[in-house]
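Comments concern the structure below.
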Amino acid sequence: MGDIHHPRVLWLKFGLFLAVGLLSVAIALLLYPSLRLAALLVLAIWAFCRAYYFAFYVIEHYADPSYRYAGITSFLRYALTRRNARKDRHD
């Protein structure tokens, strides 16, 4: 399967991700209504968004401009190979 380029499909994908996220938070808060849980969900969502931004924007634009990501597995492979390469240099 190739990359998605059609704007309507991209917006549909965005809408589906947003719907899944909102529905998940709503169900969690309906099952366990708590301000503490709501705050933890906000904090977790914010932290994961920042991690995603780091993995796919900061690395490519600031840390290593030669890196081009192709998804989570691509980033994990990149991070592990860089870590192993650094470890080998220090041994």
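To keep it simple, each residue is scored yes or no on (1) outside the structural domain of Ala70 (by TED's automatic domain parsing); (2) at pLDDT 95 or above; (3) within 28 Å of Ala79 (Cα to Cα).
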residue	(1), (2), (3)
His5	yes, no, yes
Gly15	yes, yes, no
Leu22	yes, yes, no
Leu29	yes, yes, no
Tyr57	no, no, yes
Exercise for the section: Among the numbered conditions (1) touching an Asp or Glu at 6+ places or on another chain (Cβ under 8 Å); (2) at pLDDT 85 or above, tell me where Tyr69 comes up short. Expected result: (2)
Fill in the blank from the handout: In the stretch 1-52, residues that are under 23 Å from Tyr69 (Cα atoms) and assigned to a loop (DSSP other than H, G, I, E, B) total 6
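The values are calculated or read from the model by the stated rules, or taken from the named source; none is laboratory data. This structure is a prediction, so every number in the text was calculated from the model and none was measured. Neighbour counts run over all protein chains shown; Cβ positions are idealised from the backbone, glycine included.
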